[in-house]
There are 2 protein chains.
Amino acid sequence: MERKIDSYLPFILKSINIARIENNTILIGDRRAYPFKKEFVACHSIEEVAVAIETMVTQGGGPMRAAMVGMLFLAGKADRGEIKPSADIFIKAKERLQITRPTNTTMARILEDLVDIICKEIEIGKSLESAVQGYIDNFQKEYEKSYFTMAEIGSGLIEDGDGVLTMCFAETSFILTIALALEQGKNIKVYSPETRPYLQGARLTAPCLMEIGADVTLITDSMCAHVMSQGKIQKYMTAVDIVTSDGWVANKIGTFQNAVTANYHGIPYFPLAIDPDMTRKGRESIIIEERDPEEVKMIRGVPTTRPDMKAYYPAFDIVPPHLISGIITPKGLISAYGLGNVYKNWGKE
Amino acid sequence: MERKIDSYLPFILKSINIARIENNTILIGDRRAYPFKKEFVACHSIEEVAVAIETMVTQGGGPMRAAMVGMLFLAGKADRGEIKPSADIFIKAKERLQITRPTNTTMARILEDLVDIICKEIEIGKSLESAVQGYIDNFQKEYEKSYFTMAEIGSGLIEDGDGVLTMCFAETSFILTIALALEQGKNIKVYSPETRPYLQGARLTAPCLMEIGADVTLITDSMCAHVMSQGKIQKYMTAVDIVTSDGWVANKIGTFQNAVTANYHGIPYFPLAIDPDMTRKGRESIIIEERDPEEVKMIRGVPTTRPDMKAYYPAFDIVPPHLISGIITPKGLISAYGLGNVYKNWGKE
């Protein structure tokens, strides 16, 4: 019997709650409101979807699905004659969506694919909506397969009795890893650092893990090494924003410092990477986004210091390959030094 | 010309703003309100002073002065005949104040000294107030001497162009170190982590440094190692809550993790310790206070996660001696392995 990924996942990670079309409206799950409220932002145009992505209504893997659903919405409108089925409209939509997350190369590629398909369908006068829906269904199937592969590897690395530290919100790859470990009957504890300034750990990771029945404990970002020193942590796992071809990992700020202290304590670090970026090489190929320092001076809108204080907000940090015990990918558990060989056909497949 | 410590210090660290008597009222500087407001809590009894200490109106070195000022207040009342000058009243006051901070052995010792002096004065019928005031003045003079010695050592370790990382609120020892480095004409930058959950870095350290004209940048606790990796940090300095006789340091949670990552980056760590505790030995002699986990789930009263989330709040962590480059004390810069020799007459002086 085929396993359904959504049956393992918490509310905000189920595909229909990331983004869906209902009554001619695009509904995007509002991750800013979670876990305080389960709300959706209603969008009626590509521009509204783009703004929703830009204002962090959805994040992580969410914008990719929101963008696809946006294109599906537009295709339906064209099929019903509400807009002209012209290539121009779809190309403009693609370009608007692509600039919402300039570093998300996977989303950019998907949008290119979708516009190619749509343009071909326009030429031969077929239903655009069913072509886009077919692409999304196929994409979702491949993605689910990749996630199950990664989560099988991840859950296999977790032993009965383990404590697992994570950082930020590692979404489906990590949540599914924990879900499978629980399904395997393993008694495990997960520690989720709150992940200042944006609190992804407190707001998203910890509540999602609680929802799937995991034993999760919220800590502050300053407690990770201490919890390790107490013997409470046996594995450290995070998602990644980028893995370079030579095994440098960029992820949410704090990931690197935990990797250093994990290494000090002899705790292995396993990043989960669905798509290593073989076009990049070395630390220098990664540009760290600096966000508005005002965010460091507030928490959920409440000031933490003088309004005229200087602050600094690098949003990501970089882990060198020697601190990585193995990268969990859809192609297996790979040495940070061995990606080149495994992904030698990357981009040509 | 004698230097006055208060002329170097920011508002909340000046002795009269920590605690003073004004119009028969004890005024304690409210560190919970700072830097948003400069307020004082008015106390009219030892019980009110004790509650103020317990509810974190003052912290760090503050309770010690507040307790002394509380005894001065009581002595004045006895001199004026408003209360009976009986040893019992002062012993009860001492005991009430001592239990507000059971781990603060310095405060406990001062209160014992004060009650001894008061009891002797009661016997011979002399002014209690002037005896207590004399003790406080002498204590303050000795303390100022110790702080200047430590800050001379600390500022001597900081070189022109250095970036200095701290953690939590290292109060007078660190603020004076930076003040002297600035007086020496050194161009330095200080990085202050916000210090979750109680935000001592954001609320106290960073504003205090700004007030004395230092170039300070607020970061989150997750950014320390990244800022080190960028070459922005050359020295790491904190206060301590305890130093054991064999060089183990306990301080606010997060101190240890920065010590590990500083060591990884080749950055020396210098804790500032006015009074090593030679009665303790080894990690096991230090008990880590665990505070209410609800504090991890809030920031200044605003919830950061589900109300039913499990959380964990160890308030301190422990740095092993091999991660310490030297302990700055009133007796000099001492190897963490060399305290025993330098403090061999501890408690007998």
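The values are calculated or read from the model by the stated rules, or taken from the named source; none is laboratory data. Computed from a prediction, not measured in an experiment: that's the story for all the values here. Quick reminder, even Gly has a Cβ in these numbers, built from the backbone with ideal geometry, and neighbours come from all protein chains shown. Ligands, DNA and RNA are stripped out before the accessible areas are found, and what is left, the full protein with its side chains, is counted by its heavy atoms. Shrake-Rupley method; radii C 1.70, N 1.55, O 1.52, S 1.80 Å.
Some points to look at:
- Using a 7 Å Cα-to-Cβ projection, B:Asn138 label spacings across copies, nm, ascending: 9.0
- For chain B, modelled as a GNM whose springs connect Cα atoms under 10 angstrom apart, the maximal fluctuation among B:Asn104, B:Asn251, B:Asn23 occurs at B:Asn23.
- Against the rule of thumb 2.2 N^0.38 Å, how large the Cα Rg of the protein assembly as shown comes out: 1.11
- Listing of segment A:304-328 residues, each with accessible area lower by at least 30 Å² in the full protein assembly than in the chain alone (probe 1.4 Å): A:Thr304, A:Thr305, A:Arg306, A:Met309, A:Lys310, A:Tyr312
- Inter-copy label distances at B:Lys120, shortest first and taken from points set 7 Å along Cα to Cβ: 9.8 nm.
- Residues of the protein assembly as shown: accessible area per residue with a 1.4 Å probe, Å²: 39 Å²
- Bridge type composition, the protein assembly as shown - antiparallel percent by DSSP, nearest 5: 55 percent
- Where both bridge residues fall in segment A:158-342, DSSP classifies roughly 45% of the beta bridges as antiparallel.
- Structural size metrics of segment A:157-249, computed from C-alpha coordinates, are Rg and Dmax of 12.9, 37 Å.
- DSSP beta bridges in segment A:235-314 [antiparallel fraction, %, rounded to 5]: 50 percent
- Isotropic mean projected area of the C-alpha convex hull, segment A:77-130 (nm²): 3.6 nm²
- Cβ-placed point charges (K, R +1; D, E -1), dipole of chain B about Cα centre in debye, nearest 20: 320 debye
- Leading residue at positive end of dipole, segment A:5-144 (Cβ point charges), from A:Gly62, A:Ile91, A:Ile21: A:Gly62
- Across segment A:158-342, counting alpha-carbon atoms alone, Rg and Dmax equal 16.5, 52 Å.
- Cα-centre dipole for segment B:158-342 with unit charges at Cβ (Lys and Arg positive, Asp and Glu negative), debye to 20: 260 debye
- Residue (of A:Thr103, A:Ile5, A:Leu157) at the positive-pole extreme of chain A, dipole from beta-carbon charges: A:Leu157
- Per residue, the convex hull spanned by the alpha carbons of segment B:5-144 comes to 100 Å³.
- Counting only Cα atoms, the size of segment B:224-283 along its three principal axes is 40, 19, 18 Å, in decreasing order.
- Shown is the FRET efficiency for B:Glu47 and B:Thr105, computed with R0 = 30 Å from the Cβ-Cβ distance and rounded to the nearest 0.05: 0.85.
- Chain B - percent relative contact order, Cα under 8 Å, separation 6 or more: 13 percent
- Extreme residue, positive dipole direction of chain A, given options A:Phe73, A:Phe36, A:Gln133 (C-beta unit charges): A:Phe36
- Area buried, chain B against chain A - accessible surface, total, 1.4 angstrom probe, square angstrom: 4800 Å²
- For chain A: Kirkwood Rh in Å [reciprocal of mean 1/r, alpha carbons]: 21.1 Å
- Take A:Glu159, move 7 Å from Cα toward the beta carbon, and the resulting point lies 4.5 nm from the same point in each other copy, nearest first.
- Selection of trypsin sites (Lys or Arg not before Pro), segment B:1-66, meeting DSSP coil and at most 12 other Cβ within 10 Å: B:Arg3, B:Lys4, B:Lys37, B:Lys38
- Where only DSSP H runs of four or more residues are counted, chain A gives -11500 deg cm²/dmol as its mean residue ellipticity at 222 nm, each run worth -39500 (n - 2.57).
- Normalised by the number of residues in segment A:158-342, the average gap of Cα pairs under 8 Å and 6 or more apart makes the relative contact order 21 percent.
- Here the protein assembly as shown is assigned +1 on the Cβ of each Lys and Arg and -1 on the Cβ of each Asp and Glu. Its dipole about the Cα centre then comes out at about 20 debye.
- For the protein assembly as shown, the share of accessible area belonging to carbon and sulfur comes to 51 percent (1.4 Å probe, ligands and nucleic acids excluded).
- Counting lysine pairs in segment A:5-144 that sit 8 or more residues apart in sequence, or on different chains, and whose Cα atoms lie under 14 Å apart gives 5.
- Extension gain, B:Asp160 back to B:Gln133 (0.36 nm per residue minus Cα-Cα distance, nm): 5.6 nm
- Choice from B:Tyr269, B:Tyr313, B:Tyr236 with maximal GNM fluctuation in chain B (Cα, 10 Å cutoff): B:Tyr313
- Summing charges over neighbours of A:Glu54, with a neighbour being any other residue whose Cβ is under 12 Å away from its Cβ, gives 0 when K and R count +1 and D and E count -1.
- Other-chain or far-sequence residues with amide H under 5 Å of A:Ile219's (modelled H): A:Ser192, A:Glu194
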